[in-house]
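Below is one structure; the comments refer to it alone.
What follows draws every value from the coordinates through simple rules; no lab data is involved. In this text, all values refer to a predicted model and were calculated from it rather than measured experimentally. Methodologically, a virtual Cβ is constructed for each residue, glycine included, from the backbone with ideal geometry; neighbour enumeration extends over all protein chains shown.
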Amino acid sequence: MRYSFRQLEVFLAAAHFDNISRAAEHLAMSQSAASGALKELEQQFDVQLFDRVGKRLQINELGRVLRPQAEALLEQARALEQALAQHSQIGQIKVGATLTIGNYLAVGIVARYMAEQPAARVSLEVANTESIAAKVLDFELDIGLIEGEYHHPDLDILPWRDDELAVFCSPNHPLAGKQRISDADLLAQKWILRESGSGTRQAFERAFHGLLPQLTIALELQHTEAIKRAVEADLGIGCLSAITLEEAVRHQRLVKLELPEKDFRRHFYFVLHKQKYRSAGIQRWLELCQQS
């Protein structure tokens, strides 16, 4: 074999950081050792994987083509090493989840995964759909759980489960006791919504596509709980996944509004890189999600 796993690690770290010094620091190497490993890799095959602009490395077209293959190869090597060391094929997994999924569904799945494999380490990152998809695309996450539609030629977007949004207000709001709510009623309200780029906002805009230009959006917040607290304080009405409202509705802190003419249905999805090696840990995570 004319290349080493260490050379591939340096190549991938340099592609991620666009800087050999930061790549070396990330790999706990000296800068000279990292530079030497990358130079040897390129010289061995008489190729150039980066364009050098001062101290900055910019991955070129050949580097971009080879990067997913290098990622997959190293992932398989790590999985084999883990299996040999732990006598097990399930280990560390890096998961990204959007806010609704991360706060209300993913923690239970993490608990089941770790109960099955006590030595396993799970990293759970919570962000919006665009951020999670971008990190899966850049191999920073093994798998993403997203609540918005997303399309990219290098990503597999797989359906997971159904979900539904709900419009809600405080118990003291004038709409709380109204039997039939018209579009005029909705247009007269101040709205408190998730930020653009979130799956919840995407589904809301699809359901309200005919009314969007006329809606008054008073606040855009990144956190589900912040939106619920703002609605409880009568700052406006909101729209979130129905699963995030169950406890507050049960304790009568919030009231769901019935809007049968609006289609609030949506789907949750798995997002994985097409070139990502599907380790035993990833496969087991998918199975646990399907069972949840």
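List of remarks:
- Where Rh is the Kirkwood radius over Cα pairs, Rg/Rh for the stretch 164-265: 0.91
- In terms of distances greater than 27 angstrom between alpha carbons, the cross-link table entries Lys190/Lys262; Lys94/Lys274; Lys94/Lys228; Lys190/Lys256; Lys94/Lys256; Lys94/Lys190 yield Lys94/Lys228; Lys94/Lys256; Lys94/Lys190.
- Net lengthening on full extension, Phe5/Arg78 (0.36 nm per residue, minus Cα-Cα): 25.3 nm
- When its C-alpha radius of gyration is set against 2.2 N^0.38 Å (N residues), the chain gives a value of 1.23.
- Derived scalar couplings ³J(HN,Hα) [the stretch 231-246; Karplus, 6.51 cos²θ - 1.76 cosθ + 1.60; whole Hz; x for Gly, Pro]: 5, 4, 7, 6, 7, x, 10, x, 8, 9, 4, 4, 5, 7, 9, 4
- Compared with the dominant principal axis of the Cα atoms in the chain, helix 61-86 is inclined by about 90°.
- Computed helical MRE - 222 nm, the chain, DSSP H runs ≥ 4 contributing -39500 (n - 2.57), nearest 500: -12500 deg cm²/dmol
- Angle between the chain longest axis and helix 31-45 axis [Cα atoms, degrees, rounded to 10]: 70 degrees
- Computed E for Glu61/His267 - FRET, C-beta separation, R0 35 angstrom, nearest 0.05: 0.50
- Contour excess over end-to-end distance, with Cα ends at Asp46 and Arg278 and 0.36 nm allotted per residue: 80.4 nm
- Between 0 and 90 degrees, the angle of helix 280-291 with respect to the longest Cα principal axis of the chain falls at about 10 degrees.
- Proportion of all alpha-carbon pairs of the stretch 1-107 beyond 25 Å (%): 34 percent
- At 0.890 mPa s and 25 °C, Stokes D of the stretch 45-173 from Kirkwood alpha-carbon radius, µm² per second: 138 µm²/s
- Footprinting exposure proxy for Met114, Met1 (fewest neighbouring C-beta atoms within 10 Å first): Met1, Met114
- Taken along its principal axes, the alpha carbon cloud of the stretch 98-205 reaches lengths of 53, 35, 20 Å, longest axis first.
- Cut-off under 5 Å, modelled amide H: who pairs with Asn19 long-range: Leu57
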